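Accompanying notes for the structure given below.
Rule-based calculations on the coordinates, nothing more; no lab input. Just so we're clear, the structure is a prediction, and the values are computed from it rather than from any experiment. Glycine also receives a Cβ, built like all others from the backbone with ideal geometry; neighbour counts cover every protein chain displayed.
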Ligand SMILES: Nc1ncnc2c1ncn2[C@@H]1O[C@H](COP(=O)(O)OP(=O)(O)OP(=O)(O)O)[C@@H](O)[C@H]1O
Ligand SMILES: [Mg+2]
């Protein structure tokens, strides 16, 4: 094995799982490379229905987030996907661009309808009390609501914020990517008008700390973050967030497959280059490309690409693109041909080359976008102001509607309890009868 | 509410488990209700987070099936397939006799479940007879993924405070922070031995004593047995013991049996056999064949676990997040109308 970035991170000898994990990484790469099968309209319809069901708060938590798994696939594809097929990420969180847009529109429409209704109730409650609602003096017009598109702009601001948390709390890029994925998954199906992104972004980060085994006390977490809300607020929201994520907490990222490609390509170089000096130079170059492509990946983590491609596809896309841009195109081409030509059927729509191209372009655009941090803030600010005026009054503790709903809920609970008590009493009476009898 | 629960069947460190019925289908299930800590300071218990995370991803005949997860009154509930007994109860039930084919069958099922975890790069990290549950049909299933985690990322250190003491591998006892599937294989080796002996094989009484117990049974590893051992964080001058031939303790076991057992209990972690290789070992091809699950001792009610746990395993569970010891308070049967 040639020297390189991989060796720096290797665990001390004697307890080395290095070999094993390398094999595992390489295997992961091969097995997860299959692209999504676009069963477009069909799955879009299913996803939209699921979005509707979920956004409407129905009990069907599992929903039919059918993703891309509905289509029939050739046997070869089946074999290669066997493992990854099982991951909830592939089964439930893969969508085409059209599906993503449809889900967002649906979720937004459902939220708007619900808020319209809630605002009307809030105003009616005020009217009955002889007051006017301070939050909703007049009915909201259609343009007063945050649109699906505006939501993505606003969310972007909070996603970038997770990067700041990373520096404060010193967690790694994988954990960051998990937090971002949680946040993106959540807001794919929910509206910022109903779930405050200021809170949810913290919930997603805290949950990622738990999921990625970097657990810390919530009070320490809150203490470290500027303007964090009371821990109680986060606790109240946590269950909702986990539920909104369908209790699917395992997220896979391109970092690992990228490392796998790097290792595999090192091995491949050794089989194709026989002159030691040339091999040495190529290996060194490869190590640099690996580091370079890691930063190219960074932008993708913050984009819809995480829904559209598998982690392995994103990794390969970035790796090959970086190689192509840095005078390593020939080696990259030889590698992909040797390794993946026999599974060419895995790559529809113009094949591997086209896929790499698409991902590479996306990655460059996204990584460039990441750099204009100030722009994100400037674009989000007016939307945050707009958001303050269109939030669902049913979820705001200061509204009459909120109090009304709470009272109704307490009443229902009370009724249930007394019903239970009555049943229990009846049971004891019956028991007494038996004992007495 | 998705389930109506009736009877409490078990209590773990972070959850209570009830026998329940799914309202929609009438299917009998185990309802694992995550305990809410009195202060609920940190929200959902991190063990519950792990269990949900991994069970959602794992689907295998030898891994407990997670039917559903739902929140009720701010508390998370796991709906698991119902498994009436576990391997610990069966081992302890002196009314049952095990044949070699029975042991083979249990080990095979356990290794199949484990291989499925490992090939998805998941470590269980709490294998012990009590966490190997048995179905009414005799199928063995890995359960309790509260300590599980992904492995293979060399940049990330792992906690060595995992696995219940008697099943903890020597690298963990020496404080290794980078380890792999070997820790589960070691535990599985201890379980294999326990099936043969009907008592825990390496039952140390303290964490330090555990290493002594291991060396007393298997001999102290030398530098050749374990290259790099001295680099482990908690390495110290090891007490020297000669190796006792396995044959002296496992008098009734065949040579293939002992060969596999020895390969599972190899000191040097990378040289320890993998779950897949173990499944391919001659032991499984030799006579007698593995007993069909339905014909295993203890199946269908015979030797089921007692309704409430009477004795808590002597070995303390090494979960840093779970230091409260659960003692076996008799659970008052409460009437439940749901
Ligand atoms: N699927 C199931 N079917 C029937 N009983 C079960 C099931 N799962 C768990 N139990 C019972 O509940 C007990 C506790 O469950 P489990 O081991 O999953 O919880 P835990 O909190 O992780 O416990 P610990 O960490 O102390 O081992 C088990 O020992 C068993 O008796
Ligand atoms: Mg247990």
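Numerical summary
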| quantity | calculated |
| --- | --- |
| Modelled FRET efficiency - R0 56 Å, residue A:429 with residue A:279, Cβ distances, 0.05 increments | 0.05 |
| Least to most buried among A:390, B:190, A:318 (fewest other Cβ within 10 Å first) | A:390, B:190, A:318 |
| When region B:71-174 is reduced to its Cα atoms, the Kirkwood hydrodynamic radius in Å | 15.7 Å |
| Per residue convex hull volume, Cα atoms of region A:146-251, in Å³ | 91 Å³ |
| Proxy reagent accessibility, fewest Cβ within 10 Å first, across B:91, B:208 | B:208, B:91 |
| Degrees, to the nearest 10: B:182-197 long Cα axis against longest axis of chain B | 90 degrees |
| Inter-site label distance for residue A:117 and residue B:249 at 7 Å from Cα along Cβ, in nm | 6.6 nm |
| Theoretical ellipticity at 222 nm over chain B - DSSP helices of four or more residues, -39500 (n - 2.57) apiece, nearest 500 | -7500 deg cm²/dmol |
| Estimated FRET transfer efficiency when R0 is 25 angstrom, pair residue A:361-residue A:227 (beta carbons, to 0.05) | 0.10 |
| Region A:193-339, Cα convex hull volume normalised per residue, Å³ | 151 Å³ |
| Simple label model, 7 Å out from Cα along Cβ direction - residue A:138 to residue A:267, nm | 6.9 nm |
| Peptide-level mean, for A:247-256, of C-beta atoms on other protein chains within 10 Å | 4 |
| Separation in nanometres of the label points that stand 7 Å from Cα toward Cβ, at residue A:109 and residue A:128 | 3.2 nm |
| Evaluated at q = 0.06, 0.12, 0.13, 0.15 Å⁻¹: base-10 log I(q)/I(0), Debye formula over Cα of chain B | -0.21, -0.86, -1.01, -1.35 |
| Inter-centroid distance (Cα atoms) of region B:204-228 relative to region A:355-391, Å | 56 Å |
| Region B:1-129: translational diffusion in µm²/s, Stokes-Einstein, Kirkwood Rh over Cα pairs, 4 °C, 1.567 mPa s | 79 µm²/s |
| 10 Å Cβ neighbours from other chains, averaged over peptide B:68-76 | 4 |
| Shielding by partners - mean other protein chain Cβ count within 10 Å, residues of A:226-239 | 2 |
| Ranked list, fewest to most other Cβ atoms within 10 Å of each Cβ, for B:171, A:194 | A:194, B:171 |
| Hydrodynamic radius of region A:195-265 per Kirkwood, over alpha carbon pairs, in Å | 13.8 Å |
